[in-house]
Amino acid sequence: MFAPLFLLSLISVLLHPVHASLSEAQWNPATGRLEVALRLSPIDARWIEKFSKVAEVQKAPAAIKQLADADAKRLAYIRQRYRIDRVRPGGKAPTFQNSETSGNSETSGNSKTGRHVGKQTGPGANGDKENVDDGKTHTPESPDSQNTAAKKTEDRYHWVGRQEQRGYVWWYFEVEPYDRRPPSRMTIELLLDCEPNYVHRMVILGLDKPTSFDFNRKQKTLPVRVSR
């Protein structure tokens with residue numbers, strides 16, 4: 001009697017795997033970066049590598065595009081779903097900037113400025129200079145200058161590497177806040193596009209004792225403390 005029940009329980013577990021991932025994060029004050037070790041099941045890692053959108057790589061900064069194809073897909077996926085959130089209660093949601101970069105710069109993440117980049121409307125939209133209501137002559141900012149301003153307030157993502165260990169896949173990366181300050185809020189949406197009931201646990205290391213936070217589809221953004 002015991003054997004059939006055990007086999008039935010085992011089959012149930014195999015058919016209904018736990019949809020969860022884990023990250024260990026530690027703030028490095030010397031570099032001003034959040035160092036992250038992300039643990040995934042091999043199935044989840046393969047899903048990201050296979051089904052992550054090509055457009056995410058195409059819109060990623062040049063430094064990510066210069067990575068090997070597989071690493072570029074991994075980091076491009078991460079940068080949109082494991083990010084610093086700077087919204088205050090009652091404030092406006094952050095706008096994710098997909099801006100291009102050149103050279104060796106790496107930029108990504110949420111724009112703190114929230115400035116619209118694109119077609120101008122209203123006074124000054126149809127010429128270089130135009131008189132507006134205050135009676136002064138204004139020169140509207142060009143899209144290039146707005147993009148430059150946005151890049152200064154974007155967080156940078158750095159790929160470190162990957163490792164397979166004890167049945168799990170570990171991805172290592174770093175998040176560099178544009179202001180080099182430790183984040184106080186995080187938004188994590190890893191694999192919710194694969195499984196809506198997915199849960200991610202973020203463990204903060206380097207404090208007096210490890211602290212963990214659970215993210216899910218109902219709780220995507222949480223206040224965190226990553227430094228003493």
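The values are calculated or read from the model by the stated rules, or taken from the named source; none is laboratory data. The structure presented is a predicted model; accordingly, all values stated were derived computationally and were not measured. Here the Cβ is made from the backbone with ideal geometry for all residues, glycine too, and neighbour counts use every protein chain on show. For the accessible areas, the whole protein counts, side chains as well, though only heavy atoms, and no ligand, DNA or RNA atoms are used. Shrake-Rupley method; radii C 1.70, N 1.55, O 1.52, S 1.80 Å.
On the basis of the beta-carbon distance and an R0 of 35 Å, Val54 and Thr211 show a calculated FRET efficiency of 0.45. Under the rule a/c < 1.5 gives rounded, and otherwise a/b versus b/c splits prolate from oblate, where does region 153-228 land using the Cα gyration tensor? Cα axes put region 153-228 in the rounded bin. Of Glu195, Glu35, Glu56, the order by accessible heavy-atom surface (1.4 Å probe, DNA, RNA and ligands excluded), from most exposed downward, is Glu35, Glu195, Glu56. Note on Arg46: accessible area approximately 140 square angstrom, rounded to 10, probe 1.4 Å, nucleic acids and ligands left out.
Extension gain for Arg181-Leu222 works out to 13.0 nm (0.36 nm per residue, less the C-alpha to C-alpha distance).
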